[in-house]
1. Please order Met245, Met362, Met1, Met205 by the number of other Cβ within 10 Å, starting at the fewest.
2. For the pairs Lys2/Lys305; Lys204/Lys374; Lys153/Lys324; Lys69/Lys305; Lys109/Lys221, note any where the Cα-Cα span goes beyond 24 Å.
3. Evaluate E = 1/(1 + (r/R0)^6) for Thr51 and Asp272, where r is the Cβ-Cβ distance and R0 equals 45 Å; express this FRET efficiency to the nearest 0.05.
4. Binning at 5 angstrom from zero up to the longest distance, how are the C-alpha pair distances of the range 228-301 distributed in percent?
5. Hey, what do the phi angles of the range 363-379 turn into as Karplus ³J(HN,Hα) couplings, whole Hz, using 6.51/-1.76/1.60 and θ = phi - 60°, x for Gly and Pro?
6. Quick check: residue separation of Phe361 and Lys254 times 0.36 nm, minus the Cα distance between them. What number comes out in nm?
7. Normalise the Debye intensity by I(0) for the range 59-159, one equal point scatterer per Cα, no solvent, then take log10 at q = 0.10, 0.12, 0.16 Å⁻¹ and round to two decimals.
8. Under a 10 Å cutoff between Cα atoms, tell me which one of Thr47, Thr317, Thr283 has the largest fluctuation in the Gaussian network model of the chain.
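Every number in this text was worked out from the coordinates using simple rules, so none of it is lab data. Being a predicted model, the structure only gives us computed values, none of them experimental. Note that we place each Cβ from the backbone using ideal geometry, even for glycine, and neighbour counts take in every protein chain shown.
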Amino acid sequence: MKKVLILGGGFAGIETAIYLKKLHYSVTLVSDRDYFYIYPTSIWIPTGESTFEDVCIDLQELKEAHGFKLIVEEVASINAKENRVTLSNEQVLSDYDYLVVAMGASKMKHKGIENTLSICGTPTMSLKIKEKLDALMEKGSGKICFGFGGNPKDSSAVRGGPAFELLFNVHNLLKKKGIRNNFELTFFAPMAQPGKRMGEKALKMMDTFFNKLDIKQHFGKKITSFEKNGIVFEDETLLESDFTMFIPAGAGHKVIFESDLPKNEAGFIRIDDYCNVVFEDETMPTNIYAVGDVAALEGASWKAKQGHIAEVMARNTAHNIAQKDTNGRDFKGYQEHLNILCVMDSGDGASFIYRDNQKAFMIPMPLFGHWLKKGWGTYCRYSKLGKIPRIPGM
Ligand SMILES: Cc1cc2nc3c(=O)[nH]c(=O)nc-3n(C[C@H](O)[C@H](O)[C@H](O)COP(=O)(O)OP(=O)(O)OC[C@H]3O[C@@H](n4cnc5c(N)ncnc54)[C@H](O)[C@@H]3O)c2cc1C
């Protein structure tokens, strides 16, 4: 039985492990956390609609459900040339036929970032956001700013959706408590048209939402620094804020930056359409794959790193490894599956957003959209644990 070592226990790593086990490989998964975190449903932790535990799946349970081996430890370094992975406890892993790197992304560094919190940061940050919001609600009034930034070296690493979602959820929570009028809510971003990759229709609809909900917009000015009392822009103006939730764009993982893996300018691993890592030097190994946010996506200009794309890449990788081992030629590529797909929650409803090369649309889904997303969270947990059947492609 051939051995596969997977680094990372997120959407990409777990899906690869599940599918490789179905194909009868011996799989070892390394994760620095002992839980799989369902990022898309973490938006409800700060508003108290979900608990932290609701959004976590114990990796031990996933291991038992699918029969892979699990090491909970941090990966310290990867030496591709020597096919060697070193963990923080100095354990060296080199006895594998294939390596699948699925460690996600790091974040862009901004001056004063410690004065902000991100819903896309380390999972426990969601609890700190809750603490900040609770304290402001206790006080009864305040100014809250929500925003996201870009990475000029890789536009696919931008993540704006959860900032919109959290903002709308906070608006609804304040409204429910009858204190919305005491709060100034602002959405800010350095780009002139944040969310443009979702398509023109979505952009117009967001503008309508902002105006209807009395949410101020602050777009098109570069951010200089984050301060305790707000955000400073390139023209030296200050946007006052009692609490700033800011999602920095993704950047290459530190371990990848320091490794001999080929990467793009932003630090994401260069792969081909089949997720196989592409080295310019032909003497380098051909048994390494990269899936999910850690990889440099190629294709459409509007492409974005998303969980469902990570899972397509993972399933393809499992399939492509098996093809290679059986001398097959039916390799599967991820680029034809690139699209933007999300159910953007607002607390009292949602909008279905879709974009591919042919079409881009946004459909409002009042009330039931919120419950649809909640239902997806439950589906994600139980289907990953093998307790309910998988819907093909999900
Ligand atoms: C708030 C939020 C909402 C989102 N909503 C959606 C949505 O609605 N739809 C959608 O498609 N996508 C959504 N996304 C994007 C989606 O969650 C990501 O694209 C997805 O998580 C990428 O999966 P991944 O496995 O590549 O990376 P990650 O999920 O980041 O997983 C990386 C894994 O590697 C582990 N790891 C990292 N470093 C090390 C190390 N040194 N050693 C060992 N292990 C390590 C981590 O612990 C983690 O288990 C959302 C993201 C966020 C943050």
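1. Met1, Met205, Met362, Met245
2. Result: Lys2/Lys305; Lys204/Lys374; Lys153/Lys324; Lys69/Lys305 exceed 24 Å.
3. Details: r = 41 Å, r/R0 = 0.91.
So, using R0 = 45 Å, E works out to roughly 0.65.
4. Taking all Cα pairs of the range 228-301, the binned fractions are 3, 14, 18, 17, 10, 7, 10, 9, 6, 4, 2, 0 percent.
5. Those phi angles translate into 10, x, 10, x, 6, 5, x, 4, 6, 5, 5, 4, x, 4, x, 5, 4 Hz.
6. 34.9 nm
7. Cα-only, vacuum Debye calculation for the range 59-159: -0.52, -0.70, -0.99.
8. Per the Cα network of the chain with a 10 Å cutoff, Thr283 tops the list.
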